[in-house]
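Engineer: Here it is, the structure in full.
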Amino acid sequence: MGDQSRLCSVWLGSETGILKGVSLGRKQAFNFCNTSHLSRDQEVRALCWLDEAESELLVGSVDGTVKTFSTEKGAFTDARSCGDPAEGCFCGLAALGGSAIITCAESGALRVWREDSREPVTELHAGTHVCRMRQSPVHAHKVATGGKENGLKVWDLQRPEEPLFAAKNLRDDWLDLRRPHWVKDMAFIPGSDKLVTCTAHHQVHVFDPSTPQRRPVLEAEYGEYPLTALALPAGGGSVVVGNTQGQVAVLDLRKGLVRGVLKGLAGGVRGLQCHPSLPLVASCGLDRFLRIHGLEDRRLQHKVYLKSRLNCLLLGSRAEEGGEEAAGAEQEVKEEEDEVWDAMEKVEEKVEEEEKVETKRKTTEEEETQKNKKKKKKK
Amino acid sequence: MDITEVPMNQDNKGNKKKNKKPKKKSAAQEGNNDGGGVEEKEEKKMEKSEPAFPPTFSVSEIKNKQRRHLMFMKFKQEKRRQKLQLRKQKKKERQALGDKAPPKEVPKTIENQRVFDETTVDPQDEEIAFDEGTDEFSAYFNGLTNPKVLITTSDRPRGRTTRFCEQLATVIPDAHVYYRRGLALKRIIPQCVARNFTYLMVINEDRQAPNGLVLCHLPDGPTAHFKVSNVRLRKEIKRRGKDPSEHSPEVILNNFGTRLGHTVGRLFAALFPQNPQFVGRQVVTFHNQRDFIFFRFHRYIFKNEKKVGIQELGPRFTLKLRSLQKGTFDSKYGEYEWVLKRHEMDACRRKFQL
């Protein structure tokens, strides 16, 4: 179990309660289940890494328990109950400093739990009908929440009374009617204070808390269906959004235009994540497939069938190990070839004429190798 | 008639090349033999008039339409003759060899060539068995609820649609037809749930004929949207039997193999009561072939152990799944489990989803 879990580079939570690990290099999927008896109560709703080293995962289920899964051992090591199922399922899970966990339920109860006590250390009320809670990658105590008719709010956990930033709704439309507002997912843009949100009214907003403007700095629209998931690629300047019909698009954040569409999904997108260093996007959804697209050419690279509907996903930084190994092997082969050519040059001819001959030999050999390469390319 | 269109430039180039080759040959041979050139010219003429064409000549190069048509007909007849000869030869060989003959080749059909679908359900798979055992239909399959169907249409139905609804209500036991009255579906659904309905069936009408079907499983079940085509009402069916009786029919679900197919199959199965009354000898068939679902309603009678007679009763129609949405009908904010995307999914002829 430990070997299998160490190979996995993508982790997914499903509706049946099974934590799935997928190893892309080996093209295998593994199921990790806590109890021998499956039940719908264990439906996984939120996943996050417990630490920077990515050796432990936090799994949040519908019945209010948060379990810790160790990738080294390949088993669930800890479980604690963090809230009632009556309050609604988890809409966000984050780790604070390694020993504390932040959880947010749909009713708006944002709590910080420590390992020792059963009661939450801090408790916040982030409004009602919260759809998502995300932690800032830079400041671990900053958290953003948003939901249905509940605008984007950025909270500092050390001052739980008031939000640091509460977004205003858009201006009334041309009929002077109030615009409906439903934040589905958000992300902190690295390198600045800004946040991106996507709404169920097919809008994408960018907010800047450092400016006095509480309304969105940038408004963009995509499609006609609610946008359910959002991810920020490592390159910056763009955002990947997915909607309920399975359309995944890359939008440019400077003007709000669509850069391209990632094709292949047939069902609503539930989880989207970009790899921290490689230009890859992983997407999972209700059609029971995990798909990995390359961001530059927008082509499908991997597609894995996992038999249950998938709710959330986590990418490990050790993804694409198979690709790296192959690249390493190619480099080794090239080095060996160079060594062979170098060895051949040194073995031939005398000292005085060597230089002239060697240069001549080198050029001819280089030409030969170039010709061979060209021939290979043509073939 | 398949006329391959060769663009004009290529044609001329082709002409020139082909003319050059024989000319060169003839020139070379004339150098050797004066008589040879004359013979070659005659041969060329002969070649053009005979049905056997040399490989460098194609029928599309003749500019005269009638002559081209004649040549093409001859070409086709020649091809046919060759094919028949080949068949006869093979038959003779098979008869000559008798038992040692190689087995007959199976013809390729689209169903044979179907691309293997990785979502095909394995009957022993535990995870899928659990998934199906606890999904929205589990209440029906565990015997806890009985189906009760509400059939309605889009607003102001006309003619064929109303008759279709009435006939459907006779096929499905415990079905009630209600007039739509312009009511919103999202408001009808909570009222249906309160009155213990398990299914809401909405038949969409276009130009006085049914063309769409929305089937919504009620407590919080999936909603399927189908395209309906080829509807034949009772009086349009030839050699049909008398009107169906009140007995619950048996249900046959053919060829629902993939995970999506399983869900759709269960959707149809839950329309009918779990215990069919075999006394009534009525059977409803949902046959899936190439992603089209054919609905038929028959009455059968066993004449002896091996022979069955069937009479078709009831309406006949074809369905094609357009989308499957999780949750009750909410086309705007609902999450779709599967959506038909024609340009992506219909690109390959041998790939099917159900």
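The values are calculated or read from the model by the stated rules, or taken from the named source; none is laboratory data. Small disclaimer: the values here were computed from a predicted structure and weren't measured. In this analysis, Cβ positions are derived from the backbone assuming ideal geometry, glycine residues included, and neighbour counts consider all displayed protein chains.
Engineer: For the stretch B:226-340, which fully contained strands (runs of 3 or more DSSP E) count at least 3 residues that are touching a residue at least 40 places away in the same chain (Cβ under 8 Å) and more than 26 Å from residue B:197 (Cα to Cα)? Don't jump to the end; show me each part of the working.
Structural biologist: Values: elements: B:250-254, B:282-289, B:292-302, B:308-326, B:335-339.
Hits in the stretch B:226-340: B:308-326.
Engineer: List the residue pairs whose Cβ atoms are under 6 Å apart, where the first residue sits in the stretch B:72-84 and is within 16 Å of residue B:57 (Cα to Cα), the second is surrounded by fewer than 13 Cβ atoms within 10 Å (Cβ to Cβ), and the two are 6 or more positions apart or on different chains.
Structural biologist: Close Cβ pairs satisfying both conditions: B:74/B:51; B:78/B:51.
Engineer: Just need a number here: residues in the stretch A:43-63 that are closer than 15 Å to residue A:89 by Cβ and at pLDDT below 85.
Structural biologist: Summing the residues that are closer than 15 Å to residue A:89 by Cβ and at pLDDT below 85 in the stretch A:43-63 gives 0.
Engineer: If you take the residues in the stretch B:93-140 that are of a type in the set (Lys, Arg) and surrounded by 11 or more Cβ atoms within 10 Å (Cβ to Cβ), which one is farthest from the other protein chains (Cβ to nearest Cβ)? Walk me through how you get there before you give the answer.
Structural biologist: Within the stretch B:93-140, the first condition is being of a type in the set (Lys, Arg), and the residues that meet it are B:94, B:100, B:104, B:108, B:114.
Subset that is surrounded by 11 or more Cβ atoms within 10 Å (Cβ to Cβ): B:94, B:114.
On the way: B:94: 44, B:114: 17 Å.
Only one residue tops the list, namely B:94.
Engineer: Follow-up question, since we're still on this one. Only one of B:50, B:78 is over 24 Å from residue B:256 (Cβ atoms) and modelled with pLDDT under 90. Can you tell me which?
Structural biologist: Numbers: B:78 fails: modelled with pLDDT under 90.
Just a single option satisfies the conditions, and that option is B:50.
Engineer: Among (1) modelled with pLDDT of 90 or more; (2) closer than 30 Å to residue B:261 by Cα, there is one condition residue B:133 misses while meeting the rest; what is its number?
Structural biologist: (1)
Engineer: Turning to a different aspect of this structure: Residues in the stretch B:300-316 that are under 15 Å from residue B:238 (Cβ atoms) and among the basic types (Lys, Arg): how many? First the steps, then the outcome.
Structural biologist: Residues of the stretch B:300-316 under 15 Å from residue B:238 (Cβ atoms): B:310-316.
From what is left, the residues that are among the basic types (Lys, Arg) are B:316.
Number satisfying all stated conditions: 1.
Engineer: So which of A:270, A:259, A:179 ends up being over 19 Å from residue A:299 (Cα atoms) and either of a type in the set (S, T, N, Q) or outside any loop (DSSP other than H, G, I, E, B) (or both)? I'd like the intermediate steps shown before the answer.
Structural biologist: Working: A:259 fails: over 19 Å from residue A:299 (Cα atoms); A:179 fails: either of a type in the set (S, T, N, Q) or outside any loop (DSSP other than H, G, I, E, B) (or both).
Matching residue, one of A:270, A:259, A:179: A:270.
Condition check ((1) in contact (Cβ under 8 Å) with a residue 12 or more places away in the chain; (2) closer than 26 Å to residue B:331 by Cβ; (3) surrounded by fewer than 19 Cβ atoms within 10 Å (Cβ to Cβ)) across all residues:
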site: A:176; (1), (2), (3): no, no, yes
site: A:188; (1), (2), (3): yes, no, no
site: A:196; (1), (2), (3): yes, no, no
site: A:220; (1), (2), (3): yes, yes, no
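Engineer: Still on this structure, please answer the following. What are the pairs, 6+ residues apart or on separate chains, where a residue within the stretch A:93-119 that is in contact (Cβ under 8 Å) with a residue 60 or more places away in the chain has its Cβ under 6 Å from a residue that is not polar (S, T, N, Q)?
Structural biologist: Going by the 6 Å Cβ cut-off, the qualifying pairs are A:96/A:102; A:96/A:140.
Engineer: Further question on the same structure: Among B:295, B:286, B:278, which is farther than 22 Å from residue B:132 by Cβ, touching a strand residue (DSSP E or B) at 6+ places or on another chain (Cβ under 8 Å) and surrounded by 17 or more Cβ atoms within 10 Å (Cβ to Cβ)?
Structural biologist: Details: B:286 fails: farther than 22 Å from residue B:132 by Cβ; B:278 fails: surrounded by 17 or more Cβ atoms within 10 Å (Cβ to Cβ).
So the residue among B:295, B:286, B:278 that is farther than 22 Å from residue B:132 by Cβ, touching a strand residue (DSSP E or B) at 6+ places or on another chain (Cβ under 8 Å) and surrounded by 17 or more Cβ atoms within 10 Å (Cβ to Cβ) is B:295.
Engineer: Kindly indicate whether any position in the stretch B:172-191 is within 30 Å of the chain's Cα centre (by Cα), more than 14 Å from every other protein chain (Cβ to nearest Cβ) and part of a loop (DSSP other than H, G, I, E, B).
Structural biologist: yes
Engineer: Next question, about the same structure. Evaluate the following for residue B:310: is it at pLDDT below 95, among the aliphatic types (A, V, I, L, M) and in contact with an Asp or Glu (Cβ under 9 Å, 6 or more places away or on another chain)? First the steps, then the outcome.
Structural biologist: Numbers: at pLDDT below 95: yes; among the aliphatic types (A, V, I, L, M): yes; in contact with an Asp or Glu (Cβ under 9 Å, 6 or more places away or on another chain): no.
No, not satisfied.
Engineer: Suppose we filter the stretch B:325-354 for residues that are among the hydrophobic types (A, V, I, L, M, F, W, C) and more than 8 Å from chain A (Cβ to nearest Cβ); how many remain?
Structural biologist: 6
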